[in-house]
Every structure is written in structure tokens, then in C-alpha cells.
Amino acid sequence: MTITLRGSLSLAAIALGLSAPLAVPIMAQTAPKPPAVQVDPEMRLRRIEAEIRAVQRKVFPEGVGKTFVPEITAGQSTAAPTGTPAAPAVSDLLARMDAVEAQLARLTAQIEEGQNRAAKTEERLAKLELASAPALGEPEVQPSAAATTPAPLAPVTPAPVTLAPKPVAAKPATIAPTSAKPAAKPLTPSATRLAAVQAIEKPADGDTGTNEYMYGFRLWEAKFYPEAQQQLQIYVDRYPKHKMISQGRNLLGRAWLDDGKPGTAAQFFLQNYLADKKGNRAPDSLLYLGVAMVKLKDTEKACGAFTELAATYPAEVAGRIKTQYDNARASVKCK
């Protein structure tokens with residue numbers, strides 16, 4: 001019995017000893033695993049690279065330049081694509097582009113309209129400049145011995161002035177030689193006329209330019225037209241930048257026009273208008289240029305002057321010179 005019991009105990013111990021090693025792996029396999037720790041791939045890659053560099057230092061202890069650079073590199077991040085703009089922003093941009101295009105179209109139309117007006121103005125001025133030459137049958141004025149010859153204007157060179165009331169002059173050279181008459185000697189002014197002219201007082205107050213103009217105005221107002229022509233010519237030549245130069249040139253043309261010389265007067269009217277279109281007597285000169293053309297029986301140029309006047313100075317035509325303009329326009333039939 002004793003032997004049997006011991007044998008049984010020994011067999012049990014042996015069975016327990018054999019089953020113990022097997023139980024441990026089984027228990028290990030069946031036991032629940034702890035949750036795995038999430039490791040960043042970038043950190044793992046850096047750790048692996050560090051380990052490789054450590055191995056290289058052990059393999060090549062002397063060695064700079066003998067190590068190998070890892071071929072693994074960090075991935076390049078790609079930029080996120082730009083999103084599509086919102087519909088309201090696109091609509092606003094298109095509306096602004098349409099507005100800009102509309103403004104450009106309006107500017108283009110205005111430029112073309114301005115160029116058209118400029119072309120028409122140049123055409124009218126070209127027609128008016130043809131009127132600057134004196135009429136064919138208009139006699140030239142010869143200076144008398146008592147008159148002082150004034151310096152001619154730069155744009156036009158009217159004939160010198162005489163103090164004689166009705167000088168006798170030769171006809172222009174364009175007429176046939178057989179019909180030309182020899183020029184008569186200019187008549188000297190009578191003592192009565194000289195006394196009347198000398199009785200007109202020349203202003204002495206104010207600046208000298210104004211005094212010269214006012215003296216010419218007084219001579220013109222007294223209907224001493226040749227003397228007024230001479231005096232106003234002196235003023236225009238000596239004081240071309242004077243504040244009253246527009247009045248002076250216009251009145252010089254009036255003196256020639258009232259003296260029955262519309263061709264010469266037209267030169268001064270046109271010159272005054274072209275020299276300073278903003279001058280205070282530029283509208284008057286354009287008006288009397290048309291009047292001079294009417295006297296020369298040049299209807300086309302007269303109508304051109306009146307049309308230019310109405311287009312350039314509408315306020316003056318409707319106000320200050322309305323009566324003169326209406327009377328002058330009624331004296332000619334324009335298309």
C-alpha cells in the first residue's frame with residue numbers, strides 16, 4: 001500500500017509538473033491584452049534614423065564622409081487647392097466689369113464727338129480766314145503827310161491811315177492796267193477838322209495804356225474814323241498784353257468798318273477772335289466779322305461767322321448782344 005500511495009503521489013506530482021509549463025502560455029494567450037499605445041509614424045521614423053546613425057558610427061568609427069544618408073525623407077505637404085469663389089463675389093466682379101465697359105464706351109463716344117466738333121470748327125475757321133483779304137474793289141488807304149505811320153500788326157498788315165476825310169487812292173493792281181487810274185495825292189485835312197480833332201482831350205489819368213485806348217475811343221465816338229484808326233493802331237502795337245487789348249482790337253475793326261472799309265475791318269475782327277477767344281470782346285468781333293461779310297456780299301462766310309458765334313458764345317447771343325445778333329442775322333438768309 002505504501003508503495004502504491006507513493007507511486008500515486010509521484011504520478012500526480014509528475015502530472016502537475018508537466019501541466020504547469022503548458023498552463024502558463026495558455027493563460028498568457030487567453031489573458032486580455034492591454035491597449036496598444038499609438039505611436040506617431042514621424043517619431044518612429046526619427047527613432048529608426050537615429051539608431052541607423054548610431055550603428056554607422058560603430059561601423060565607421062573614424063569616419064566623416066563614410067556614413068550613408070538615409071534615402072527615406074519626410075513627405076512634402078501639398079497645399080490645399082483654393083476653393084471656388086462664392087457666387088455673389090463673382091456676380092459683383094462681373095457687374096463692376098460691365099460698369100467699367102459702359103464708362104469706356106461713353107468716354108469713347110465723347111472723344112469722337114469732340115473730334116467731330118473740332119473738325120467742324122476748323123472747317124468754319126478756314127472759311128472765315130478766307131475773308132481776311134480785302135475785297136477786290138476796295139480801295140487802299142494812303143497816309144497823309146500829317147499822319148504818323150503806325151507799326152503793322154504781326155498777323156495782318158493793313159494799309160497806313162490818313163487824316164484826310166475822303167482820300168483818293170489808286171485801284172488795286174488786280175484790275176486790268178488799261179482801266180487803272182493813277183493815284184491822286186492825298187488831301188490834307190482842313191483847318192476846321194484839325195481844330196476839331198485837337199479839341200478832343202486825351203486822358204492823362206490812370207495808366208498810359210488805358211489813356212491811349214480811351215483817346216482812340218473818343219476819336220471813334222466823335223466819328224473821326226481815320227484818326228481813331230491811327231490812335232487805336234498805336235495802342236494795339238505798344239500794349240499787346242494790356243488788360244483792354246480785346247476792346248482795342250475790336251474797336252480798331254469797328255473804326256475801319258464804320259469808315260466803309262469792311263475788308264480791312266474783317267482782318268482785325270478775325271485777328272481779335274483768334275488771338276483770344278476768351279477775351280471780353282471776342283464775341284463782338286465774331287459778330288461784326290459776319291456784318292463785314294454781309295457788306296462784302298459774301299453770304300456763305302457771313303452765315304459761317306454767325307453760326308460760329310451762336311455755337312461758341314450761346315450766353316452772349318442770348319444776353320448782351322442779342323439785339324445786334326438778331327438784326328445782323330435778319331440781314332442775310334442762311335441755309
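Numbers for the structure displayed
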read-out	value
Gly279 in a helix (DSSP H, G or I) and on the phi < 0 side of the Ramachandran plot	no
Close pairs from the stretch 285-301: first touching a residue at least 12 places away in the same chain (Cβ under 8 Å) and of a type in the set (D, E, K, R), partner surrounded by fewer than 21 Cβ atoms within 10 Å (Cβ to Cβ) and part of a helix (DSSP H, G or I), Cβ under 8 Å, at least 6 apart	Glu300/Lys127; Lys301/Lys127; Lys301/Leu130
Residue in the stretch 305-327 that is surrounded by the most Cβ atoms within 10 Å (Cβ to Cβ), counting only those that are among the small types (Gly, Ala, Ser) and out of contact with any Leu (no Cβ under 6 Å at 6 or more places or on another chain)	Ala310
Which numbered condition Val236 misses (of (1) over 31 Å from the mean Cα position of the chain (by Cα); (2) not in a helix (DSSP H, G or I))	(2)
Where a residue in the stretch 222-238 is over 18 Å from Arg193 (Cβ atoms) and its partner, wherever it lies, is of a type in the set (Asp, Glu) and in a helix (DSSP H, G or I), with Cβ under 8 Å and at least six apart	Ile234/Glu212; Tyr235/Glu212; Arg238/Glu212
Selection from the stretch 256-274 of residues that are of a type in the set (A, V, I, L, M, F, W, C) and in contact with an Asp or Glu (Cβ under 9 Å, 6 or more places away or on another chain)	Ala265, Phe269, Leu270, Leu274
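No lab work stands behind these numbers, since they all come straight from the coordinates. Keep in mind it's a predicted model, so treat the numbers as computed, not measured. Don't worry about glycine lacking a Cβ; one is built from the backbone with ideal geometry, like all the others, and counts go over all protein chains shown.
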